[in-house]
Structure formats: C-alpha cells, structure tokens
C-alpha cells in the first residue's frame, strides 16, 4: 500500500511502495500481508511480482496473456526498460518466469495527491503461456457491486507488519468489504473515499491487512478481481481499513486498452 505521509494508509501504505503523501497517508509499496498465511501460487495463479531493476516493487494481476493490472502509484518514477514481472512462482525473487515490461499505461486521470484513479495496465514484451500456476483472473462487469460484508482474498509479498519484516513467500489473508460511509468516517480528515475506491478490513479489530510492498496486488472475491491494493493508514490498524481501487469502475477503460 501507499503510505500517505502519515503513511497514509499505514501511512498511505500504498501497499507496496512506501511513499508518504502530504496528508500523512501511505502507499503500500514494499511490504507484506499482515495477519495472513503462506500461499501457494497455484491457488493465486494471477498474482505476479512487479520488479524494478530486479527488486520487488509491487504486486500485479494477470488479466490477459500480455497484460497485467496494477496500481498507478506503483508505476510513478519507474524506468520502463528496468521493469519486469515474475509470474508462476510463490517466491518473489526466484522460480517461475521473468518477463520484461514493454509499455505502461497509467489511467490518464490518476491523481498522486488523492490516489484517485489509482490503476495502471502494463503491456508485457511477450505473451504468457498459461499453466496451473500462471493464469488470468476474471474481471467484474462495469459497475458491478460487491456487497458489504463479502469476504475477499488479498495476497502479496509485502511486509508482515507496519514496522517491517519482509518475506520471500507469497502471503494471503481474508478481509471483508466495509461500507463507504464507515470508511470515509475513518479517513475523513486525511483523504476522500471516491466512487473509484472500495474499502475492506477488520474495521474495529484490525490485525489483518495489506502492507508496504503489497500495493498493486489483487483483492479477489468469487473468482473476480474487485480491487487493487492502493493505500491506507499504517498496516492492519484498528479503525483504519485498507483502501483499494474499485476495478468495476474501470472495466470499460481496461477493455479499451487490451482489446
């Protein structure tokens, strides 16, 4: 997640990169799943590691043999020639296959201050050959709603806690969808929950969440990619759910790029 200055989300734990925004939120960029379990890539065949100069930067999801979906904040400041993804492995730095990225298409309305429209498509230099450990995830319909309370699966190679401790092994955890009103109350003075965002977590209890290094990774329910790990305040803190890009708000845009 991204950390928004206050680690906006875990300082905006933009779950994967670890940036701080002026409002104190954090992007989750260089971290890991908190309160979760060791995962097998065959159970999450759509999950890939996004690497920059060979080092894990964010998560991403396979949506087509030549396209993966991630968070726009994960692509900020990157050198395209230094980008690649590792697919088909439970380990973030070995196994599976490593494929270079040929082009990055962040949403044209992405706002790095508010993290609205936090979505990007990466075009791979060559097509993936699908296997039981490397396979695309289904996408929701444009405007499809996931009910409040639905349990979702998030996964990644981010930090195991807000204070650090990374892992080579894929991790996953289950978190329920939280209503927008409750989420906005939590982040009221930090940021606005827009119609392009969706929230999930153990709101009052905390203890389970994405963290730095997980950004860009998947939130899946009923076999569909409903969310992209985006930002939050700290990692797995009570009263601060994780915030995700709502994929169903962008289905038409995604289709316009990959078709």
Highest mean packing first, using Cβ neighbours within 10 angstrom, the peptides 54-64, 167-177, 124-134 sort as 54-64, 167-177, 124-134
Take the alpha carbon atoms of region 174-200, find their center, do the same for region 99-149, and report the distance between the two centers in whole angstrom.
21
Normalised per residue, the volume of the convex hull around the Cα set of region 34-110 (Å³):
110
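Every number here is computed from the coordinates shown, using simple stated rules; none is lab data. Keep in mind it's a predicted model, so treat the numbers as computed, not measured. Because the Cβ atoms are built from the backbone with ideal geometry, glycine has one as well, and the counts that use them run over all protein chains shown.
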